[in-house]
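The values are calculated or read from the model by the stated rules, or taken from the named source; none is laboratory data. Remember, predicted model here, so these are calculated numbers, not experimental data. Here Cβ is always computed from backbone atoms with ideal geometry, including for glycine, and neighbour counts include all displayed protein chains. Please note that ligands, DNA and RNA were not included when accessible areas were found on the heavy atoms of the full protein model with its side chains. Shrake-Rupley method; radii C 1.70, N 1.55, O 1.52, S 1.80 Å.
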Amino acid sequence: MDSPAVAKTDRAARSAQRLTVAERSGRSSVKLSIFWRLALSSLAIIIVVAGVNFYALSQLRQLTALSTELVSYHYPTIDTAKRLLANLYTQLGSEKKYLAVRDLAFMRDFAQEIDEFRQILTTLQEQESAPDGQKQLKEVDRLHQEYLDLFRREADRQAMPAAEYERQRDALIARMTDALDAYVSLHETRANALVIDSRTRSARAEIITQQLVIAVVLLGLGLAGLATYSILHPLRRVQEHIRQIGQGTFGRSVNVEAPSDLRELVDTVNWMGKKLQELDDMKAEFLAHVSHELRTPLASIREGTQLLLDEIPGPLSKEQRETLRIIKDSSERLIRLISTLLDLSKMAAGMMDYQVAPTDLLRLAETSVDKVRLLAEGKRIQILTEAPSGRVWVPADGARIEQVLDNLLSNALKFSPEGATVNIRLHLDVKAGVALVSVADTGPGIPPEDLPHVFERFYQGRTYTKNTLAGSGLGLALAKKVVEAHWGRIWVESDLGKGTTVHFTLPLARREGPA
């Protein structure tokens, strides 16, 4: 087995190697100075503003094109088609007058109206680009030719118009009227669509203009924010890393793309973390060795005290028995503390062996409650348990989870006043596949500034009642290690002056079976 000095040297070498690799990786990438970061941020803002302006101009051009199409194409086409329809009815009137009186003046009027109709129709056909519109105009052209042929045949008869002629003529006129109405409706529909599109684009352009005005007002603030983000981001990363160091996480080094101006600060923080990790390793080894060396003599003291209490060497007086009982309680407390320290050292080193098997969480909770029942009755504290009716199976090391429940219940009883109530609640979240355990007290609560530190080793906070003894500060740290080793999560909620609730989750077992 390697000696502690050799193990410490190996860990320091690995830590230094990780730091060297991180430093080389950081320095190999391109770093920009603060000046260039400010310059590039300003350029980016200018490009964004230019892009927004370009978009607004393109919208204005599209609105202009839509208006031009309405004014120069659709509206004139609709008016021309209506003129064509009016001319058709004028032709019909002149044709009826001619056939009734056979006056050549009416014939000349009819011929002029036909020429005007054909000119207007030809103009519309040349301007029309849509296939549907061309189809309607070709239909009008064909029907008009049929109408003219029908009229010529009837005019050659030199007699009053026959009823069959009038029926065929009216049918042709009705079909031409329907075709022209359909053509007008087609362009009116397209014109309305263009008007709606124009209004939509106009509203959008108005919104963009308002946004541009706001953007101009906020441009100064935006410029400062964007320009300094790339500077503040690495500083925040360094700050977060320093906070993690303050919480006891020393092993990792921060690897952040920082400006060359700030690189020296990052290197200094990484060096500090490496040195603190070395000191933490030394401290852990010291505690582990001291705990191991103290455990045997303390066990001897406890057993020897128990022999004296059993009066095997001889009878005891009342004062002697009280003194021996104090010695025995103190030795047992020290043994529990040393066992906790050894467990934490094993967990930190990844050497803790968990005997995971399907375990009834409800039975563990009932066992823990039974352990502290006498203590609760001594303070007249009522322990209420809320749990499902059946068993709650979880894959766990039953002894370790029971240790977690013991710590949580002991803390709840320690900080609860006499006559209070402690609640332990088990809830199944089948959808999430977890069991939620909550232990709540009605004690003084934990100040908000202490909450982030409650799971740190040896941290005890500042909230104690006058009859509360200070603990070791290891119970919650051990509970966190155990719960996370079981793929769970643990957290604390507290209202100052109202009480504290500790929650933790464990995944449910896939199959039920005995623990």
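Observations
- Listed peptides 443-450, 236-243, 183-190 by packing density, highest first (mean Cβ within 10 Å): 183-190, 443-450, 236-243
- Of the GluC sites (Glu not before Pro) in the range 359-428, those whose Cβ has at most 12 other Cβ within 10 Å and which sit in DSSP loop: GLU418
- In sequence order, the range 119-136 has phi-based couplings of 5, 5, 5, 5, 4, 5, 5, 6, 7, 6, 10, 7, x, 5, x, 4, 5, 5 Hz under the Karplus curve 6.51 cos²θ - 1.76 cosθ + 1.60, θ = phi - 60°, and Gly or Pro positions carry x.
- Each Lys or Arg adds one and each Asp or Glu takes one away; over the other residues whose Cβ falls under 12 Å from the Cβ of SER185, this sums to -2.
- Across the range 92-100, coupling constants 3J(HN,Hα) worked out from phi with the 6.51/-1.76/1.60 Karplus curve, θ = phi - 60°, read 4, x, 5, 5, 5, 5, 5, 5, 7 Hz, and Gly and Pro carry x.
- Charge sum, other residues only, whose C-beta stays under 13 Å from ALA100's C-beta, Lys/Arg counted +1 and Asp/Glu -1: -1
- Under the combined filter of DSSP loop state and at most 11 neighbouring Cβ atoms within 10 Å, the range 391-455 retains these trypsin sites (Lys or Arg not before Pro): LYS431.
- When you restrict to C-alpha pairs under 8 Å that are six or more residues apart and normalise by the size of the range 75-158, the relative contact order lands at 26 percent.
- The range 430-436 - phi-based ³J(HN,Hα) in whole Hz, Karplus 6.51/-1.76/1.60, Gly and Pro as x: 5, 4, 7, x, 9, 10, 9
- When peptides 490-501, 56-67 are ranked by their average number of other Cβ atoms within 10 Å per residue, the highest-first order is 490-501, 56-67.
- In Å², nearest 10: area of LEU508 left accessible to a 1.4 Å probe: 50
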